[in-house]
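Okay, structure first, notes after.
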Amino acid sequence: MQIDILTLFPEMFDALNQSIIGRAIGNNLININLINIRDFSKDKHKKVDDTPYGGGAGMVIRPDVVYDAFSSVKKEGAKTIYLSPQGNVLNQNKVKQLSKETHLILLCGHYEGIDQRVLDEIVDEEISIGDYVLTGGELPAMVLIDSVSRYIDGVINKESVDEESFSNGLLEYPQYTRPEIFLNKEVPEILKSRKSRENSKMEKR
Ligand code: 21W
């Protein structure tokens, strides 16, 4: 899957080069391309925002700069997602649906917001990750990438995808490993019996 990320803070995405997602990127199962929106400013001071028409606090990102950043990666068949607090809240069904796409373009919002005209022009879908206020769309974009990546073939084994999925979440159970006694608490007896070990995935031979 190709994932282009339009952001003012590309360094935040360094976090993706870790663990399972880092390995998936290394194995070319996911290709992440970071685009710094600021690189498309035509201003000598690299300015990307301006005061809002009609007044109000803060600044608004200019539509032309976002449009040029978008145009540098847009291809036929890509789906453009705007991460924004006003979007539909992400859930496991949406995650599964997005994992079938071949090319996602993620536009990260920012506290100040983006001129509505460019959003109307380029955005296919608006997604939030929950009803609380963050400072930008970067962490939500990473949440989306992490959750979607699990469904991409080869990223994690198939049993884990089914076992850990939200729909089966109620089947979760407490887990134990060594040491057998920790802070005076023993591993439950039933899990230590031979029969139980034979039935466990971990020790199956
Ligand atoms: C916070 C952006 C507040 C915009 C007038 C009109 C992306 C997010 C975000 C942010 C505002 C997500 C304004 C859950 C989130 C995100 C930053 C409001 C000011 N004034 N999911 N608009 N929570 N948050 N804009 O915060 O970009 S997905």
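Each of 45, 151, 86 was scored by the projection of its Cα onto the charge dipole of the chain, and the greatest displacement toward the positive side belongs to 151; charges sit on the C-beta of Lys, Arg, Asp and Glu. Relative contact order, whole percent, for the chain stands at 22, derived from Cα pairs under 8 Å and 6 or more residues apart. Between the range 124-144 and the range 32-47, what is the C-alpha centre distance in whole Å? The distance from the Cα centre of the range 124-144 to that of the range 32-47 comes to 21 Å. Secondary structure note: in the chain, about 20% of the DSSP beta bridges are antiparallel. Phi angles of the range 134-142 translate, via the Karplus equation with coefficients 6.51, -1.76, 1.60 and θ = phi - 60°, into HN-Hα couplings of 10, 9, x, x, 5, 4, x, 4, 5 Hz per residue; Gly and Pro are given as x.
Ranked for footprinting exposure by Cβ neighbours inside 10 Å, fewest first, 45, 110, 103 give 45, 103, 110. Here's the picture: charge each Lys and Arg Cβ at +1 and each Asp and Glu Cβ at -1 in the chain, and of 161, 140, 5 the one pushed furthest to the positive end of that dipole is 161. Taking every DSSP helix (H) stretch of at least 4 residues in the chain, weighting each as -39,500 (n - 2.57) and dividing the sum by the residue count yields a mean residue ellipticity at 222 nm of -7500 deg cm²/dmol.
Could you sort the peptides 176-188, 54-66 by per-residue average Cβ neighbour count (10 Å cutoff), highest mean leading? Could you put the intermediate results ahead of the total?
Values: 176-188: 9.5, 54-66: 15.0.
Going from most to least packed, we get 54-66, 176-188.
Here the chain has an Rg and Dmax of 21.8, 73 Å, counting Cα atoms alone.
The numbers here are math on the coordinates, done by the rules we state, and not lab data. Remember, predicted model here, so these are calculated numbers, not experimental data. Counting neighbours? That spans all protein chains shown, and the Cβs are built from the backbone with ideal geometry, glycine included.
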